[in-house]
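Let me begin by presenting the structure, written as structure tokens, before commenting on it.
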Amino acid sequence: MIKRIGILTSGGDAPGMNACIRSVVRAAYKKNIYVTGIEYGFKGLLNSNFINLSPESVGNMLHKGGTILKTNRCEEFKQKKYRKIAYNNLIKENIDGLIVLGGDGSFKGASILSKEFKIPVIGIPSTIDNDIYGSDYSIGFNTAVQTIMDSVDKIRDTASSHETIFFIEVMGRNSGHLAIHAGNVTGAELIMIPEIKIKNLDFLVNKIRKINIKKKSIIIIYAEGCNLGPIDKITEYVQKRMKNSNVRFSILGHIQRGGSPCEKDRINSSLLGYYSVNEIIKKGKSKMIGIINGKVTFLDLEKSIKTKKEINKNLFKITEIINNY
Ligand code: F6P
């Protein structure tokens with residue numbers, strides 16, 4: 001029987017992580033299960049950075065961005081000798097199951113630990129990148145899209161006044177999920193993503209020129225993992241080739257990871273947290289939990305890691321059509 005579960009947040013933080021921790025703790029409390037919070041992700045597991053989480057201690061944080069448990073990326077965890085230390089610390093703390101909030105890197109670490117030491121793990125997709133296979137949404141994604149939308153709307157005002165061609169860099173590491181959604185909701189005339197390569201800079205210039213015939217101010221959402229290189233160099237090149245235009249860039253950066261979680265992220269966090277507790281007590285194979293077509297689903301953790309989540313090509317195509325004419 002599971003008496004105590006551990007919970008940690010790992011990788012880049014995502015708005016809604018706190019809401020999810022709260023949900024796990026309170027769902028567990030109802031089932032008489034104790035929850036240990038592990039601070040600083042897998043690194044904290046190596047250093048026994050344990051804290052007790054009670055239903056009261058997770059109050060007043062549903063609406064707060066970031067993660068009260070802190071987070072980081074832990075290189076040591078890739079080595080078995082460190083995972084053994086982590087496992088011993090879990091045993092010392094009487095933790096019989098682990099809930100991990102993070103992205104694919106965090107899921108990899110959790111999955112290996114689970115296989116090596118037969119400890120049940122549930123991975124809750126929590127990354128603004130939304131690149132985890134097995135869930136339509138990961139915690140934090142919707143808030144990040146909202147943040148980008150608010151920022152780009154403001155840039156749009158000045159871009160339109162000055163008739164500027166604006167490159168706006170968004171996060172997403174090597175995936176374009178965030179950029180596609182952002183491009184749709186901001187009416188971006190062009191979306192550049194790693195999954196759809198643009199031949200070269202001249203090809204890009206031609207594309208922009210075509211749009212420029214009808215529109216003087218242009219918003220280009222540029223996913224950070226794109227193949228054409230750093231945004232400042234691209235901007236410089238386009239400016240050189242389009243001398244009569246005003247070409248600028250803006251990197252939104254870590255603002256995209258902060259802020260109070262939006263309604264959808266709060267709801268997803270509550271559901272994913274609650275059902276993770278329900279699942280972990282079965283002590284079955286390690287899984288990732290997700291939301292597909294509005295329903296909570298489970299998938300083998302290893303399968304999720306090994307499968308690439310495809311971008312929404314249809315949304316990309318439709319966006320290109322309706323944001324231009
Ligand atoms: O995975 C989340 C993410 O925000 C990516 O979109 C981005 O590439 C990366 O983390 C940035 O990480 P860091 O804050 O460690 O530079």
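The values are calculated or read from the model by the stated rules, or taken from the named source; none is laboratory data. Every value quoted in this text rests on a predicted model; they were computed, and no experiment measured them. We place every Cβ from the backbone using ideal geometry, glycine too, and count neighbours over all the protein chains shown.
Restricting attention to segment 280-290, does a residue exist that is outside the structural domain of D129 (by TED's automatic domain parsing), crowded, with 19+ Cβ neighbours inside 10 Å and out of contact with any helix residue (DSSP H, G or I) (no Cβ under 8 Å at 6 or more places or on another chain)?
There is no residue in segment 280-290 that is outside the structural domain of D129 (by TED's automatic domain parsing), crowded, with 19+ Cβ neighbours inside 10 Å and out of contact with any helix residue (DSSP H, G or I) (no Cβ under 8 Å at 6 or more places or on another chain).
Which is assigned by TED's automatic domain parsing to the domain that holds A14 and within 21 Å of A179 (Cβ to Cβ), of D265, D232, D300?
D265
Does G259 meet the test of being under 24 Å from A182 (Cβ atoms), within 16 Å of the ligand (Cβ to nearest atom), out of contact with any helix residue (DSSP H, G or I) (no Cβ under 7 Å at 6 or more places or on another chain) and not charged (D, E, K, R)?
So G259 does not fit the description; no.
Would you mind finding the one in G44, G12, G16 that is surrounded by 21 or more Cβ atoms within 10 Å (Cβ to Cβ), at positive phi and not aliphatic (A, V, I, L, M)?
Within the list G44, G12, G16, the selection yields G16.
From the list K31, K43, exactly one residue is assigned by TED's automatic domain parsing to the domain that holds V277, basic (K, R) and within 16 Å of the ligand (Cβ to nearest atom). Which is it?
K43
State whether the residues of segment 56-71 include one that is modelled with pLDDT of 95 or more, more than 16 Å from the ligand (Cβ to nearest atom) and within 22 Å of K118 (Cβ to Cβ).
No, there is no match, as no residue in segment 56-71 is modelled with pLDDT of 95 or more, more than 16 Å from the ligand (Cβ to nearest atom) and within 22 Å of K118 (Cβ to Cβ).
Under the condition of being among the acidic types (D, E) and within 13 Å of the ligand (Cβ to nearest atom), which residue from segment 87-137 is surrounded by the most Cβ atoms within 10 Å (Cβ to Cβ)?
D129
Could you please find all residues in segment 177-225 being free of Cβ contacts under 8 Å to residues at least 60 places away in the same chain, outside any helix (DSSP H, G or I) and crowded, with 24+ Cβ neighbours inside 10 Å?
M192, I220, Y222, A223, listed by residue number.
Considering (1) within 25 Å of I267 (Cβ to Cβ); (2) under 24 Å from the mean Cα position of the chain (by Cα), say which one K31 fails and leave the rest.
Among (1) within 25 Å of I267 (Cβ to Cβ); (2) under 24 Å from the mean Cα position of the chain (by Cα), the lone unmet condition for K31 is (2).
Could you check segment 9-19 and list, in sequence order, the residues that are within 16 Å of the ligand (Cβ to nearest atom) and of a type outside the set (G, A, S)?
The answer is T9, D13, P15, M17.
Go through segment 138-170 and give me each residue that's under 21 Å from N268 (Cα atoms), within 15 Å of the ligand (Cβ to nearest atom) and in contact (Cβ under 8 Å) with a residue 60 or more places away in the chain.
Scanning segment 138-170 gives S138, I139, G140, F141, N142, T143, A144, T147, I148.
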